[in-house]
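What follows is a short report on a single structure.
The numbers here are math on the coordinates, done by the rules we state, and not lab data. Predicted model, so just to flag it, every value in this text is computed and none were measured. A quick note on method: Cβ atoms are made from the backbone with ideal geometry, for glycine too, and the neighbour counts reach across all protein chains shown.
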Amino acid sequence: MGTIVSISTAPGIGGIGIIRMSGENTFGILDKIFVQKNKQNIKDIKGYSMKYGHIIDNGEIIDEVLVSYFKAPKSYTTEDMCEINSHGGNVIEKKILELCLKNGATLAEPGEFTKRAFLNGRIDLAQAESVIDVINAKSYREAKSGIKQLEGFLSNKIKEIKQEILDVLVNIEVTIDYPEYDIPEVQENEIKDMLKSVGAKLEKLEKSFDNGRIIKEGIKTAIIGKPNAGKSSLLNAILNEDRAIVTDIAGTTRDTIEEYVNVKGIPLRLVDTAGIRRTADIVEKIGVEKSIEKANEADLIIAIFDSSKNLDAEDLEILKLIKNKKAIILLNKSDLNVVIDENDKRLRDVTQNILKISALNKTGIEELYDKISEMFNLNEINLDNEVLITNVRHKNLISKAIENVKMANETLNNNMPIDIITIYIKQILDDLGEITGDEVTEDVINEIFSKFCLGK
């Protein structure tokens, strides 16, 4: 593999910019463009050290920099690496990048540094995928989950399960090669015990995806209600800013507005929708249809009602919409003379999760957060001791492995030949190997790393 280079810091103006380079000719290229303050041969420069000096082009000083040295194999990619810490700003960073390219480096593809770390065996594929999870984290819990996977928590669990399978598979292979030494009852029990244990561990991992998805993607939450019930006021109160337009004119919101907010360390993906009502206005009608669509797709529905007015036919239609769904009813405008409360049978027939709030005065918002936390068991999600599946690819492969456990059990119960049972057992290993990258195809690898940012 050649020497690659990329700007690793985000575009724009900043105090520091970092240009990262990796490959066998890293230090040779660096030597052509970097003049150290106190000249030292590369052989004498220790890894994990920094040198002060200037980036130059034909004798002209381009910038005053610090260069970090990372020597193979003790680097992010396991190759010789350097990071040029320059002043931030597009002009200087791009000029240094151009000098590296001019002197023999090639521009790195998205995620190519992490891809090299994987291909060179420093991390497995599950750990590599966690890098982008950490970068894209929308909450501390999501970042913490990514860090745990980067440290190898999931990988170690997968290796543990694979080893349990391999211990039994070795005995099966011996039996196939030397059938005269086979004791059928002993071997059958051994396989059954292994499949039972492996199946239970995989099912636990599969179930963890419910919490893992919430941590990674957030709780998709639709705020619905009639026009002027207070949906946009609620969104603004939660965000603590005037994100949505609020007026006395009904039907102001005609499209969906999406925002993220953290609730108990979990991102809440809020969708403010158009007021649900019968309307002849074509544009508003489209907005109402989208509101109903978002409600049907949501993990949680917050249905808001004006408690200063009696429920009418349109309110009752909204109650029908949220029945048998995970929902919270908010009785808004509690600061006015209320005519409906949480004891109303029409509300309680739909859900027991009923709260009084005043979106205008921002009262009842904390109670809403507590209710969401209670409904989704947010306080019970333990990132310290629990392995959580947050990646859809991993979840699908675990589900596939579980199906192969079931098929292996079925063939065993039907007294099929041992080599037929072995096919399904080996497929479980292949499924798990795709998670860590042991059995993954080049197309899958390229697809995964194409989602990374430049310079990582």
Quiz item: Which whole-number percent gives the relative contact order of the chain, counting Cα pairs below 8 Å spaced six or more residues apart?
Solution: 16
Practice problem: Please report K356, K226 as a ranked list, fewest other C-beta atoms within 10 angstrom at the top and most at the bottom. | Solution: K356, K226
Self-check item: In order through the range 351-366: 3J(HN,Hα) via Karplus (6.51 cos²θ - 1.76 cosθ + 1.60), integer Hz, x for Gly, Pro
Solution: 7, 8, 8, 10, 10, 9, 9, 10, 4, 5, 8, 6, 9, x, 5, 5
Quiz item: What residues qualify as long-range amide H neighbours of K456, i.e. H under 5 Å apart, gap of 5 or more or another chain, H built at 1.01 Å from N?
Solution: G111, E112, F113
Quiz item: How would you order 338-346, 17-25 from highest to lowest mean count of nearby Cβ atoms within 10 Å?
Solution: 17-25, 338-346
Practice problem: State the Cα centre-to-centre distance between the range 304-351 and the range 136-171 in whole Å. | Solution: 45
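Report the relative contact order of the range 4-108, percent, no decimals, based on alpha-carbon pairs under 8 angstrom and at least 6 residues apart.
Values: 217 pairs, mean separation 39.3, N = 105.
Relative contact order, the range 4-108: 37 percent.
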Quiz prompt | Sites D430 and C453 - FRET efficiency at Förster radius 25 Å, r taken between beta-carbons, to 0.05 | solution = 0.25
Self-check item: lysines with Cα under 18 Å of K309, excluding same-chain neighbours fewer than 8 positions away
Solution: K226, K231, K333, K345, K356
Quiz item: How high is the FRET efficiency between N103 and E410 when r is their beta carbon distance and R₀ equals 60 Å, given to the nearest 0.05?
Solution: 0.45
Quiz prompt | Which label in (i) 0.95; (ii) 1.01; (iii) 1.10 gives the computed Rg/Rh (Cα atoms, Kirkwood Rh) | solution = (iii)
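Cut-off is 10 Å between beta-carbons; in what order do I328, I389 appear when sorted fewest neighbours first? The partial results should precede the final answer.
Working: I328 20, I389 28.
If I rank by nearby Cβ atoms, fewest first, I get I328, I389.
Sorting check: for 419-427, 216-224, 392-400, which peptide has the highest mean count of neighbouring beta carbons within 10 Å, and how do the rest follow?
Details: 419-427: 17.1, 216-224: 22.8, 392-400: 18.7.
Going by the mean number of other Cβ atoms within 10 Å, highest first, we get 216-224, 392-400, 419-427.
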Self-check item: Cα→Cβ-extended label distance, 7 Å offset, between N382 and K362, nm
Solution: 3.6
Quiz item: By count of other Cβ within 10 Å, fewest leading, how are E366, E93 ordered?
Solution: E366, E93
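Ignoring everything except DSSP H segments at least 4 long, calculate the 222 nm mean residue ellipticity for the chain; use -39,500 (n - 2.57) per segment, divide by total residues, nearest 500. If you can, show how the numbers build up before the last one.
Working: 16 runs with 208 residues, N = 456.
One gets -14500 deg cm²/dmol as the mean residue ellipticity at 222 nm.
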Quiz item: In debye to the nearest 20, how big a dipole does the range 375-456 give about its Cα centre with +1 on each Lys and Arg Cβ and -1 on each Asp and Glu Cβ?
Solution: 180
Quiz item: Hey, what do the phi angles of the range 148-158 turn into as Karplus ³J(HN,Hα) couplings, whole Hz, using 6.51/-1.76/1.60 and θ = phi - 60°, x for Gly and Pro?
Solution: 4, 6, 4, 6, x, 4, 5, 4, 5, 5, 5
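Which peptide among 306-313, 122-129 comes first, and what is the full order, when sorted by highest mean count of other Cβ atoms within 10 Å? Display every interim value, and only then the final one.
Details: 306-313: 15.5, 122-129: 22.8.
Final packing ranking: 122-129, 306-313.
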Quiz item: Check D63: other-chain or 5+ apart residues with amide H under 5 Å from its amide H, H built from backbone geometry?
Solution: I55
Exercise. Using the structure shown, list the pairs from K138/K159; K51/K95; K115/K406; K138/K264 with a Cα-Cα distance above 23 Å, or answer none.
Key: K138/K159; K115/K406
Self-check item: Taking all pairs of distinct alpha-carbon atoms in the range 4-108, Kirkwood radius in angstrom
Solution: 13.5
Quiz prompt | Those lysines that a straight Cα-Cα span of less than 23 Å connects to K46, excepting residues fewer than 8 apart in one chain | solution = K32, K37, K71, K74
